[in-house]
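Data first, discussion second: the structure below is written as structure tokens.
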Amino acid sequence: MADATSEAGCMFCRIARGELGTPFVAESEHAVAFRDLSPQAPTHVLVVPRKHIAALRAVGEDDAPIVAGVMALAVEVARREGLLDGGGYRVVTNDGADAGQTVFHLHVHVLGGHQLAAMG
Ligand code: 5GP
Ligand code: ZN
């Protein structure tokens, strides 16, 4: 069924395929990076695997190169945004309701550009 939680109706799959014309901050074999619609920091970029994976809990053993690719692209985004030589950055993924996951296609948030709130 093509609802928002299935691959068929998945907005991030469509963005990753370039169907919505979303500008990419960076891209690689396994992942694409684009700015969050509702930024929570001066840099707020989402890094999304090209493959549809619903969340971190759905990552399989064969997906290891994809997860490595997502993390490598997150670092590349931080580099391009000037965060490696600046104040640093945070990489976060939300998995499930308590974490506030709203899009059910694995993504990491790359946040930086100001002092981030302490966690915990
Ligand atoms: P989650 O809470 O699932 O980790 O975060 C999903 C994020 O995706 C939110 O920060 C939200 O602002 C962002 N988002 C949702 N839909 C779109 C979209 O169509 N385009 C972009 N660029 N960001 C989106
Ligand atoms: Zn998807």
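Take 27-40, 70-83 and order them by the average number of nearby Cβ atoms within 10 Å per residue, most first; the result is 70-83, 27-40. Between Arg57 and Asn94, the contour length at 0.36 nm per residue exceeds the alpha carbon distance by 12.3 nm. Remark: region 82-90, residue by residue, has Karplus-estimated 3J(HN,Hα) of x, 8, 5, 8, x, x, x, 7, 10 Hz, where x stands for each Gly or Pro and the curve is 6.51 cos²θ - 1.76 cosθ + 1.60 at θ = phi - 60°.
What does the charge count around Arg50 come to, taking other residues whose C-beta lies under 14 Å from its C-beta (Lys +1, Arg +1, Asp -1, Glu -1)? So the surrounding residues net to -2.
Reported to two decimal places, what Rg/Rh ratio describes the chain when computed on Cα atoms with Rh from the Kirkwood expression? Walk me through the numbers on the way to the answer.
Details: Rg = 14.0 Å, Rh = 14.7 Å.
With Rh from the inverse mean 1/r over Cα pairs, Rg/Rh is 0.95.
Note on the chain: helix-only mean residue ellipticity at 222 nm, from DSSP H runs of 4+ residues weighted -39500 (n - 2.57) and normalised by residue number, equals -6000 deg cm²/dmol. The simple Förster model, with R0 at 22 Å and r as the Cβ-Cβ distance, assigns Gln40 and Glu19 a FRET efficiency of 0.30. Helix 64-80 versus the longest principal axis of the chain: what angle, 0 to 90°, nearest 10, using Cα atoms? With rounding to tens, the tilt is 40 degrees.
Each listed q (0.27, 0.28 Å⁻¹) maps to a log10 I(q)/I(0) for region 59-120, found by the Debye formula over equal Cα scatterers with no solvent: -1.16, -1.17. Here each label is just a point 7 Å from Cα along the line to Cβ, and for Ala118 and Met71 those points are 2.7 nm apart.
Here, each number is a calculation from the coordinates, and none is a lab measurement. What you see is a predicted model; the values in this text were computed from it and never measured. FYI the Cβ positions are ideal-geometry reconstructions off the backbone, even for glycines, and counts take in every protein chain you see.
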